[in-house]
1. Taking H as built 1.01 Å from N, whose amide H comes closer than 5 Å to the amide H of B:MET672, not counting residues under 5 places away?
2. For segment B:640-657, list residues with backbone N below 20 Å from a point placed 7 Å from the Cα of B:ASP683 toward its Cβ?
3. Report the one residue of B:GLN93, B:GLY70, B:SER80 whose Cα lies farthest in the direction of the positive end of the charge dipole of segment B:11-106 (charges on C-beta: Lys and Arg +1, Asp and Glu -1; origin at the Cα centre).
4. Convert 10 °C to kelvin, take the viscosity as 1.306 mPa s, use the Kirkwood radius over C-alpha pairs of segment B:859-952 as Rh, and evaluate the Stokes-Einstein diffusion coefficient in µm²/s, rounded to a whole number.
5. When the label point is put 7 Å from the Cα of B:ALA150 along its Cα-to-beta-carbon vector, which residues of segment B:575-592 have a backbone N closer than 11 Å?
6. Show me, for segment B:367-375, the HN-Hα J-couplings you get by feeding each phi into the Karplus relation (A = 6.51, B = -1.76, C = 1.60, θ = phi - 60°), rounded to Hz, glycine and proline as x.
7. Would you mind checking the pairs B:LYS19/B:LYS479; B:LYS46/B:LYS521; B:LYS479/B:LYS508; B:LYS214/B:LYS521 and listing those with alpha carbons more than 25 angstrom apart?
8. Need one value for B:612-618: mean number of C-beta atoms belonging to other chains within 10 Å of its residues' C-beta atoms.
Amino acid sequence: MLLIPCPHCGPRIQEEFAYERSADSVVRLDDAPDVAMTALFSRANLRGEEAEIWVHAQGCGQWLRLTRDRMSHAIRSVEPL
Amino acid sequence: MRAGSGIDGEAMRFTFDGKAYWGVDGDTLAAALMANGVRLLARSFKYHRPRGIMAMGVEEPSALVTLGEGARAEPNVRASDVFLYPGLVATSQNAWPSLRHDVGAVNSLVSALIPAGFYYKTFFGPPSRWMIYERFIRRAAGLGRPPQGADPDRYGHRAAFCDVLVVGAGPAGLAAALRAVEAGRRVILVEQDALPGGSLLRENVTIDGVPGAKWAARAVGRIRAAGGRVLMRTTATGHWDDNFVTAVERRVEPGQTSRGLAQVLWKLRCGDVILASGALERPLVFADNDVPGIMLAGAARALALRYGVAPGRRAVIATSHDEAYRTAFALAGLGVEIVAILDSRVDPQGALVNAARARFPVLVDARPLRGLRRGVALAGIDAMVGTTRRRFVADCLAMSGGMSPVLHLHRQAGGALDYDAARGAFLPGAARQRQTTVGAAAGEHDLRAILDLSKIDDPLGPVAPAEPGPIWRGEAHGKAFVDFQNDVTTADLALAQREGYVSVEHTKRYTTLGMGTDQGKLGAMVALAQIADERGLPLPQAGLTMFRPPYTPVTLGAFAGPARGDHAAPIRRLPLAEAHDDLGALWVPAGAWMRPRAYLRPGESLGEASLREARMVRSLAGVVDVSSLAKFEIAGPDALAVVEAVCATPVARLGVGRGRYTVMLREDGMVMDDGTLWRLAEDRWLLTSSTGGAARMARHLSYVADILLARPRAAVINVSEHWAGLAFAGPRAAGLLAELTGQPVPAHMGLAQATIAGAPVRVLAASYSGERAFEVHVPAYRAAGVFAALVGAAQGVGGGVYGLDAMDHLRVEKGHVVIGAEADGRAIPADLGLGGMVRKSGGFVGWQALTRPALADCAERRQLVGVTSIDGAPIPEGAMLVVREGEEPVGHVTTSAPRVAGEGAIGLGLLVDGGARHGEALLAWSPTRKQCVSVQVGAPLFYDAEGARYRD
């Protein structure tokens, strides 16, 4: 159970947050179909850090960009989106 | 009169398998039964072998019993992990007709025929055959039975924070907690035992001039006095990210009646975690090492010193290291004859060994070969001493194959393990979180090193660092158990290796090694040593299986906590709930909401009431509460961009004051939700969507606005709870509404502002029932007057209120889809007959996916159809659509309903290539309900195909 430092609310339990997706799987409305499908269905899951989108759903509602280690779960940075 | 560090004199009566016994306060059930001479406690899982006490803690693999009776019964409780209380009722498991004469023991005779993997090899075939096998397998091999009826106990959840959490109140844990609390830190100390002291309870040591157990009790007092919190009978079961530790506190013993909470699940967020979880003793591997009377040396010592119980009259000690020698002294102190100490080492040295040699026959290079059984108890052992085989008559064998530090929490928290060849054990390596491991859990067994400030008086002297004997020696003939709970033997492990299940993970699954409720706490290292040996690898390279939480089994009720019954989930009530109650509403849960299902008249069944209500709407007028529908207002210069991104239908040309039906897609092209979109003003929109999808739609809108459109100049406000919604439908609705509002009603799919009963309302002319209908939106706090006016008007012409079932009957007849039924997350708009509505220019969420060939070519997909019961019998909802019974389904029935206009039964379904199969006859087949109804496939529209009734 992660402790996520919300920029507004301070450190809060993971239960308050909702994971949206990895930052590289955001499909823009004007992305071409092949680009969009690759982003959705052909994703890498590499060892190391990844950027993720979370939202403080049960808190302030802020969308967040987390940089998190896939192995250790260590959160390196949290910034509002 | 018994004397021990953990008992006082108060006698207590308890029963085991119906027979009454006496124990004393502080006894575990295991200790009390041993004190009463009861050696046989259980039958083993697979072979039904007689089993007694093996260990004296939570690691006990075999002595599992059921505590309590009826709904409060708790199965699979370790007899060594329940403390006596007056009136305790314990029952043995997995034995029939009795523990002593167990018919299942015949399994032991045919055991050569049921090796590891037996079930995989023997019981293969189609699933239907498995269902028969399973019944017998489950009956033959098993643990306790789950209690019947609702759990009468109450469970709580508590959250707490601390600077330092100490797990384990043995000497190392107490010392660490004292240091931390005296340094002014907030400390929580958890201990799974009922008494503090850990190993001190089974040792004859004096600390600061008092016995170890008393020193431990005083230490707890000092910690509490300094502001620390000590939770006894509390097991840290999981160590998660960011030093989040879950712990389960037993406030009453298993099966015991409680006035307050039976258990509390603690959620602890900790600055630092100090793991003082101790070490578990390993068994020795030899044939029939499970006969009642054979136990771990530490367990025998605990019986003697903590509970004052002699585990037998004549005992043999078998060990590979020094610590078990202490058991010889402890048992001798109770008058037990020490027949021999068998030490597997060739030349053991040290003060303890020398002291033992002066009193007991110590035989070196000696090890047990086989346990000998008479009846269900140990009669002696065959041993190898040097190169000679010798037989010893004994009723107790205390064995020790070394100590394994308890590293579960350390591993769960991401810590590394280091193999220490000198100790023959894994020790905690680098930690990933702020966590340290101390004491025996870190391989440190010297009290002097652990309690650096205390004066220790240990008559037996310090134990030399465990010089490991062989963890396993491959000479057992006969059943030599490594996992006592799951009856896994050395032969099973060898078989797994021979058959190619080489990796430890494969061995585990093939043999069920370590998959019992004890998770293999006892024998894991022994098994690893054998696997490593057979593979010719050094032990650490043989690999380790995962240490998964929970450390000990947790009652499901503890996880649920207070969230059960009416508190399982929050219940949302409509603003008009009281008014519906006054009208006699029958409530039904719809997502988190309670909604009126129907309004029953005296003597009416639910089906009759729903059909009456639906026909009332078709012929007169009816009111239904649709307040729980999600409603969003989207306003601002960029509002159109938000709406266009979310809605898959054309929206830009919608006029002010007009609305239309719309669908919203997921990114994979599947329909996520549907609703209506209304243009309130040039840059202000109202979007409605389904009740159940409200939270998902709110998140989706937020994602689209904040992430995809990067902060458009538009606000998205969830106004679901601001507005109550009342649908007013039927051929008389328009006239009645005009009278109520004193103004003309809006045209179909138009909207108007009006006043009803003094309250401002918004009238949206949309039809879900197929009749001319209006959704009246009113501020929720003013809904009562408007509802009363609408219901009164309807009743004035013979109409009235209708519920969810009637609404469903009406919409099925019109072929309207429902999110979750027809739009089940696997349907694109074209599957639902909505393909023509989709915006050709794209630019909405999911448009890219719709261009995929698999979705663009719809013939192979399940498409929405209507089904009509040929003989009028009701169509089973959820039934498969098949050509012939027993064949693969070609579709399924999503919703069924009686015909409102006319008689008979109809339904909607999803059918492969359904659009091209109108007129075909199929079977709606539900084998689970043993129903089969002939249906005819047709268009998903059963009433008023031209739409004449809802248009102006």
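1. For B:MET672, the qualifying residues are B:MET664, B:LEU665, B:ARG666.
2. Under 20 Å, as judged by backbone N against the label point of B:ASP683, lie B:640-647, B:651-657 of segment B:640-657.
3. Ranked along the dipole, the leading option is B:GLN93.
4. D, rounded to a whole number, is 119 µm²/s.
5. Residues passing the 11 Å test: none.
6. These are the phi-based 3J(HN,Hα) values: 7, x, 10, 7, x, 9, 10, 10, x Hz.
7. Those over the limit are B:LYS19/B:LYS479; B:LYS214/B:LYS521.
8. 0
Readers should treat all values here as calculations from the given coordinates under stated rules, not as data from a laboratory. Keep in mind that what you see is a predicted model, and the values were worked out from it rather than measured. Glycine gets a Cβ as well: all are built from the backbone with ideal geometry, and neighbour counts include every protein chain shown.
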